[in-house]
Amino acid sequence: MPSEGPPVKPQSRRAFDLLVTHWRPQRALATLALMLALASAMTTGYLWTQREVTIAVNGLPFRFHTHQTSVAALLEEAGIEMHEEDIILPELDAPIQAGDTITVRQARPVTIEADGQAIELRTHSHTIAALLREAAINLKPRDKITLNGQAVSLETPLQPSASSNRSPSHRGGGRSTGQEDDPPLRIVVRRAVPIYVDDDGALATVYTTAPTVGEALRGEGIFLYLGDRVSPDLSAQVSTGTRIYIQRSKPVGISVDGQTIKTRTQEETVARVLAQEGVALMGKDYTRPEGDVEVTDDMKIQVVRVEEEVLIEEEPISFETVWRTDSELELDQQRLDQAGEEGVRKRRARVVYENGQEVQRMLEEEWVDREPTTKVIAYGTKIVIREMETPEGVIRYWRKMKVLATSYTAATAGKSRDNPHYGITSLGWKAGKGILAVDPRVINLRTKMYVPGYGIGIAGDTGGRIKGRRIDLGYDEGDLRLWYRWVDVYLLAPPPPHEQIRWILPSWP
């Protein structure tokens, strides 16, 4: 079967035939094995000749195998970026031996903003103070420092590099410490500038880093109160030499309508303070102190609310009682001929109240609105003689009256036995049975009367305790019988003359 390939030249054909003639399968395999063995030996030799070293970057160690002979070549092979501020031990041109440790301390990138300039550097400083010395930046009193936006002091330690807390990672066949991920530290130095504060006449020079008037005052502990005036405005920017004027308000207390308003004011008079607080005076209202008085610190202002009221007052007018005799009406009988009625007296008064308390009452008019009606009582003067059967016989009497009866003897009359008047009545009679003590304004002395349970007696004595419708029954010594009760007594005929009769008996005792 003819070949479909390209024609073979005669010289090539002879060579091919010669190769085929000398080809032996055993010899080819041996050649291939020899080549593989040689490659393996070469690889093993390459690996065997590598040096194992340790690279410690910012305190983080890791192992590395290399054929490099110098520190610089090793770090470049490891992909570790270097800067002139970094500290590398041993030096870059030092040779490498197996088991060596290469120490790399990378400088931290820092940006410092001060005095209108931005300085970028790399540093090994551990504190803010050391860093500023390194940057030749001097601080003045009251200057302030921020680190990444946070207020710090000179003793504040700088943040460690992020790479010191991160494991290395492969990059492009080498290793990286990750330092390129560390953001640069940003330090801002804010210079304190002098400003001048006129606090209600008290002058002071203040150094501040605050951006505004309000923050500068607050930073210096200068407190503002309601009503204080500040120029320039609190939001105004502060610069060197700024002059701040504070006009202080005065603390004032206003007592009004049962409450106390505590406020502060720039007003000059009491009236203006009330207007400021919306406190209005109406009618006759007034203030203590008065409205035109100048305001002083801690002044107490009292608003007095004045109200007036017109009152109509009534007062009863007592009626009189008139007694009229009636000869047709029997003794000790009475008859109401006209009922008494009180009258009414009226007054119109104007009453002034201050804060709800009455302070003045003025009488404007007084009149009798209704006259009283006199009470008229008729009493009898007709004497009727009556008879009554008693154990002592039939008696004739002209008056019966109820009295409170008590009893006494000479010994109980209140006089000692050696008194010359002992046992002698007010009429000079000897006290004893049958002698009665009476109130002569009610029962005439020497009046004979009959007392049921006692008998006939005569009014022959008086006594300090015998008042009104009361009588004291006399007894002989050694024969006293105690009395204390109301009884009817009968005044025996004949009656005395009319002018000696008490027609209207008292109602007491």
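The values are calculated or read from the model by the stated rules, or taken from the named source; none is laboratory data. Everything quoted here is computed from the prediction, not taken from an experiment. No Cβ is skipped: glycine too gets one built from the backbone with ideal geometry, and neighbour counts run over all protein chains shown.
Observations, loosely collected:
- At least 1 residues being farther than 28 Å from Lys382 by Cβ is the threshold, and among the strands (runs of 3 or more DSSP E) wholly inside region 410-509 those reaching it are 435-437, 455-461, 470-474, 484-492.
- Qualifying residue in region 29-51 (condition: assigned to a strand (DSSP E or B) and either modelled with pLDDT of 85 or more or surrounded by 10 or more Cβ atoms within 10 Å (Cβ to Cβ) (or both)): yes
- Qualifying residue in region 390-408 (condition: touching a residue at least 12 places away in the same chain (Cβ under 8 Å), surrounded by 16 or more Cβ atoms within 10 Å (Cβ to Cβ), assigned by TED's automatic domain parsing to the domain that holds Ser426 and more than 25 Å from Ile501 (Cβ to Cβ)): yes
- So Glu342, is it exposed (fewer than 12 other Cβ atoms within 10 Å of the Cβ) and outside the structural domain of Tyr490 (by TED's automatic domain parsing): no
- A residue that is farther than 25 Å from Ser327 by Cα, basic (Lys, Arg) and touching a Leu at 6+ places or on another chain (Cβ under 9 Å) cannot be found anywhere in region 412-428.
- Flag for Gly460 being at positive phi and surrounded by 11 or more Cβ atoms within 10 Å (Cβ to Cβ): no
- Verdict on Lys262 being surrounded by fewer than 16 Cβ atoms within 10 Å (Cβ to Cβ) and not aromatic (Phe, Trp, Tyr): yes
- Scanning region 60-97 for residues that are in a loop (DSSP other than H, G, I, E, B), among the β-branched types (Val, Ile, Thr) and loosely packed, with under 15 Cβ neighbours inside 10 Å yields one hit, Thr69.
- Within region 213-255, the set of residues being in contact with a strand residue (DSSP E or B) (Cβ under 7 Å, 6 or more places away or on another chain), without any contact (Cβ under 8 Å) to a residue 24 or more places away in the chain and acidic (Asp, Glu) comprises just one member, Glu220.
- In region 138-151, the residue that is farthest from the chain's Cα centre (by Cα) out of those that are farther than 10 Å from Val188 by Cα and surrounded by 12 or more Cβ atoms within 10 Å (Cβ to Cβ) is Leu139.
- Condition check for Met362: assigned by TED's automatic domain parsing to the domain that holds Val489 and assigned to a strand (DSSP E or B): no
- Residues of region 415-425 include at least one that is surrounded by 18 or more Cβ atoms within 10 Å (Cβ to Cβ) and of a type in the set (Ser, Thr, Tyr).
- Of residues in region 186-226 being of a type in the set (A, V, I, L, M), within 15 Å of Gln237 (Cβ to Cβ) and in contact with a helix residue (DSSP H, G or I) (Cβ under 9 Å, 6 or more places away or on another chain), the one modelled with the highest pLDDT: Ile195
- Check on Leu336, exposed (fewer than 14 other Cβ atoms within 10 Å of the Cβ), assigned to a strand (DSSP E or B) and aliphatic (A, V, I, L, M): yes
- Against the test of being on the phi > 0 side of the Ramachandran plot and under 34 Å from the mean Cα position of the chain (by Cα), the options Asp332, Asp257, Asp292 yield a single qualifying residue, Asp257.
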